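Read-outs: derived from the displayed coordinates by stated rules, not from any lab. Every value quoted in this text rests on a predicted model; they were computed, and no experiment measured them. Cβ sites come from the backbone with ideal geometry, for glycine too, and all protein chains shown count toward neighbours.
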Amino acid sequence: MLDRLTFPQPWLSLSLFLIWQFLSEGVSGGSVVLGLVLAWAIPQLTQGFWPERPSLLKWWRMPGYLVHVLRDIVVASFEVAALILSARRPRSAFVVYPLELTDPLAITVLAGTISLTPGTVTVDVSDDHKSLLIHALDAESDEEVIHSIRNRYERRLLEMFE
Amino acid sequence: MMHPVAEYAISALLLIGGAFTLVGAIGLARLPDFFSRLHGPTKATTLGVGAIMLSSVIYFSASGEGIGVSEILVTVFLFITAPVSANILAKAAMHIDVPPAEGTRGNPWDQ
């Protein structure tokens, strides 16, 4: 019984606890107790989804990566808005993207980044985790899509995770 | 009394957010097939809602009710969940063989 009372992922527990304090109206006895319960229960319940520890080695590079992605979201949003409002028919394409990343968390972050940056949505991950299927809204060529994702995002993630 | 600069910033951000949300909705109506329609709403939420949230943060900071940490958290949650829902929608569409628009290069794979 007592061995269940552990925090298998201390960092996740700490972030959950802090997020709960920010979400509640001011820190109080109640929010601390509920925060502790959540910080214990959520990692315990989701432990099955993390077969191996995520290996975020150079976490201090994360803020730089987020700023980079945010800037791309803004720039590319204008491009997609222009495309939607123009009369031109979009040149859509399904692109198979060969992955260099192997860490599951890193692949998830990359897939999320691809979906968030306008113009591309991740459709699926292949069963062997070696490629992503991407739908591009408007792409001149597959190589162009692969090249820009490789240089803009995957390189940086590779440095962070592996 | 709020500082005029803050008021201008809030108005500008609200207009930008509204404009992008509108463009996302137009995209939903105009784009040719399911897969490209996915792009409209996921993108409008990222920039449109981001701008509206930022204006809310400025409003509550400028009116002296403390920094809006919860707005920032809402934005973070949105940025985490939007790609996941887009991914699930696209995957579901692929599994029930929704046809891509004519002229789409490449094919969704079968596994």
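Descriptive notes on the structure:
- Computed over the protein assembly as shown, the per-residue total of -39500 (n - 2.57) for DSSP H runs of n ≥ 4 gives a 222 nm mean residue ellipticity of -19000 deg cm²/dmol, rounded to 500.
- All lysines inside 22 Å of residue B:43 as judged from Cα atoms, apart from same-chain residues fewer than 8 positions distant: B:91
- Highest-MSF residue in chain B out of B:34, B:20, B:77 [GNM, Cα springs under 10 Å]: B:77
- Prolate/oblate/rounded call for chain A, Cα gyration tensor, a/c under 1.5 rounded: prolate
- Gyration tensor over alpha-carbon atoms, the protein assembly as shown, equivalent ellipsoid semi-axes in Å: 33, 28, 16
- Burial ordering of B:39, A:68, A:147, fewest other beta-carbon atoms within 10 Å first: A:147, A:68, B:39
- Sites residue A:34 and residue A:61, calculated FRET efficiency, Cβ-Cβ separation with R0 25 Å, nearest 0.05: 0.15
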